[in-house]
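J.: The structure follows.
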């Protein structure tokens with residue numbers, strides 16, 4: 001298996017030129033633009049500095065179009081996002097435009113239900129981040145049905161159509177992966193397990209996958225663990241080491 005690390009902006013023509021066509025799966029964790037500032041190991045990280053919604057969404061559309069061209073027919077693209085704040089609903093607008101402007105088809109929106117809740121006295125506690133699962137074409141070329149470790153305990157609701165596996169099938173709400181609480185190298189770092197789920201479902205051993213906005217490298221680590229060829233793109237050279 002091969003790992004290629006490209007340092008630069010995802011829309012830099014020299015970076016795009018190094019990404020081959022017929023990529024099987026893309027996982028993208030772009031800035032959400034919700035004005036997050038943090039420090040990791042003493043280093044200031046201005047990760048999600050807010051910008052005008054129209055500007056942010058147009059940027060999302062630009063790189064999505066560019067890399068949709070790199071997908072094989074039936075290839076999958078996963079894009080992370082958040083619901084944002086009043087006046088900045090970048091992910092909502094992106095989701096409403098992406099099918100029309102890119103040709104990608106939204107299969108579903110996945111919700112990652114986290115363990116730690118945040119909120120105020122006048123709202124429900126907040127525990128979620130979102131993932132758009134999209135494909136290029138009518139149906140995915142690869143979809144390895146995902147199951148949980150938990151057993152279902154029954155054969156199914158309809159005896160004519162018994163369950164195909166003793167385990168529960170994974171739904172579009174993922175509540176079995178805890179967020180990282182310490183030892184993070186990036187303020188927006190995700191657990192490797194999340195990328196493992198996506199790559200296990202939408203690719204096979206030996207396939208080439210693309211890791212956009214690599215950040216802490218969780219997708220790259222998942223790809224290497226699962227024996228996928230991976231191309232990681234990240235503009236911060238310190239994070240790409």
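Just so you know, all these numbers are worked out from the coordinates, no wet-lab data involved. Being a predicted model, the structure only gives us computed values, none of them experimental. Counting neighbours? That spans all protein chains shown, and the Cβs are built from the backbone with ideal geometry, glycine included.
J.: Among 68, 117, 223, which one shows the biggest mean-square fluctuation in a GNM of the chain, springs joining Cα atoms closer than 10 Å?
T.: Of the options given, 117 has the highest mean-square fluctuation.
J.: Whole angstrom only: what separates the Cα centroid of region 54-126 from the Cα centroid of region 179-200?
T.: 18
J.: Continuing with the same structure: Only bridges with both residues in the chain count here: give the DSSP antiparallel percent, nearest 5.
T.: Here the share of antiparallel DSSP bridges comes out near 50 percent.
J.: Additional query: Would you mind ranking 10, 79, 187 so that the residue whose beta carbon has the fewest other beta carbons within 10 Å leads the list?
T.: Fewest-to-most ranking of 10, 79, 187: 187, 10, 79.
J.: Any idea how far apart residue 73 and residue 100 come out in nm if each label point goes 7 Å out from Cα toward Cβ?
T.: It is 2.7 nm.
J.: Moving on to the next point. What is the distance, in nm, between label points placed 7 Å from the Cα along the Cα-to-Cβ direction at residue 159 and at residue 184?
T.: Once both label points are built, they end up 5.1 nm from each other.
J.: What is the fewest-to-most order of 199, 240, 194 by other Cβ atoms lying within 10 Å of their Cβ?
T.: Numbers: 199 26, 240 17, 194 23.
With the fewest neighbours first, 199, 240, 194 line up as 240, 194, 199.
J.: Taking only Cα atoms and a 10 Å spring cutoff, compute GNM fluctuations for the chain and point out the largest among 207, 73, 12.
T.: With Cα springs under 10 Å in the chain, the top fluctuation among 207, 73, 12 is at 12.
J.: Would you give the gap between the C-alpha center of region 140-158 and the C-alpha center of region 1-25, rounded to a whole Å?
T.: 34
J.: Does region 99-241 classify as rounded, prolate or oblate by the C-alpha gyration tensor (a ≥ b ≥ c root eigenvalues; a/c under 1.5 gives rounded; else a/b over b/c gives prolate, otherwise oblate)?
T.: Judged from the Cα gyration tensor, region 99-241 comes out oblate (a/c at least 1.5, b/c at or above a/b).
J.: Connecting C-alpha atoms closer than 10 Å in a GNM of the chain, tell me which of 139, 160, 221 has the biggest fluctuation.
T.: Top of the fluctuation ranking is 160.
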